[in-house]
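For reference, the structure is listed below as structure tokens.
The values are calculated or read from the model by the stated rules, or taken from the named source; none is laboratory data. Not measured: the values here are computed from a predicted model. So basically every Cβ, Gly included, is an ideal-geometry build from the backbone, and we count neighbours across all protein chains shown. Note: accessible area is taken over every heavy atom of the protein model, side chains too, but ligands, DNA and RNA are not part of it. Shrake-Rupley method; radii C 1.70, N 1.55, O 1.52, S 1.80 Å.
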Amino acid sequence: MKRTDYISWDEYFMGVSLLAAQRSKDPNTQVGACIVSQDNKILSVGYNGMPSGCDDDDMPWEREGEMLDTKYAFVCHAELNAILNRGETSLKGSKLYVSLFPCNECAKAIIQCGISEVIYCENKYAGTDGVKASMKMFEMAGVKMTQYIPSGRKITIEV
Ligand SMILES: [Zn+2]
């Protein structure tokens, strides 16, 4: 008899996103993203971080202050990193699992590369203009938005 307590596809891909988020150096927000084909193959993974070659130790991680003294001028979001990390693979019709609902800048990139569904965990910035803009664009472009319902399963990985 086969195992019956194996994890679901949704748990697997959201789990990969959450594991990738653990790579983030951001002291306040760790986000991970995992892009998956329609037939459930992982195409790319990303997390929020400074651009390649920009030393994490020399970059600001502050949230307040002059623009150039904050992370906002520099950090590359998880969704964008996942999109850019895909190599030569087409993302047309793919699904994006992400731990936080995408901002409007990522929403533009998600739409432009043909991702057709966004499965998100948290939406803690719902109601902000950024998220409103994302939702407006996703609706117009026909990108399906699906809230991930946590299964409550605890997955422990010892490394
Ligand atoms: Zn973003």
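What does the charge count around GLY49 come to, taking other residues whose C-beta lies under 15 Å from its C-beta (Lys +1, Arg +1, Asp -1, Glu -1)?
-3
Please calculate how many Å² of accessible area the chain carries per residue, with a 1.4 Å probe and no DNA, RNA or ligand atoms counted.
Here the per-residue accessible area is 62 Å².
Would you mind working out the magnitude of the charge dipole of segment 23-97 relative to its Cα centre, with +1 at each Lys and Arg C-beta and -1 at each Asp and Glu C-beta, to the nearest 20 Debye?
Once rounded to the nearest 20, the dipole reads 620 debye.
Grab the DSSP H runs of the chain that are 4 residues or longer, score each as -39,500 (n - 2.57), total them, divide by all residues and round the 222 nm result to the nearest 500 deg cm²/dmol.
It comes out at -8000 deg cm²/dmol, rounded to the nearest 500.
Given R₀ = 30 Å, what would the calculated FRET efficiency be for ILE7 paired with ASN85, taking r from the Cβ atoms and rounding to 0.05?
Rounded to the nearest 0.05, the efficiency is 0.80.
Once amide H atoms are built 1.01 Å from N in the peptide plane, which residues 5 or more positions from MET145, or in another chain, come under 5 Å H to H?
Close amide H contacts, sequence-distant or interchain: VAL118.
Pop the C-beta distance of SER37 and ALA73 into the FRET formula with R0 = 41 Å and round what comes out to the nearest 0.05.
0.75
Given the Cα-Cα distance of GLU66 and TYR125 and 0.36 nm per residue of separation, how much length would full extension add, in nm?
Value of the extension gain: 19.0 nm.
For a quick protection proxy, order the peptides 129-140, 52-63, 34-45 by their average other-Cβ count within 10 Å, most packed first.
Final packing ranking: 34-45, 129-140, 52-63.
Could you look at the chain and say what percent of its accessible area is carbon and sulfur, using a 1.4 Å probe and all protein chains?
Roughly 52 percent, rounded to a whole number.
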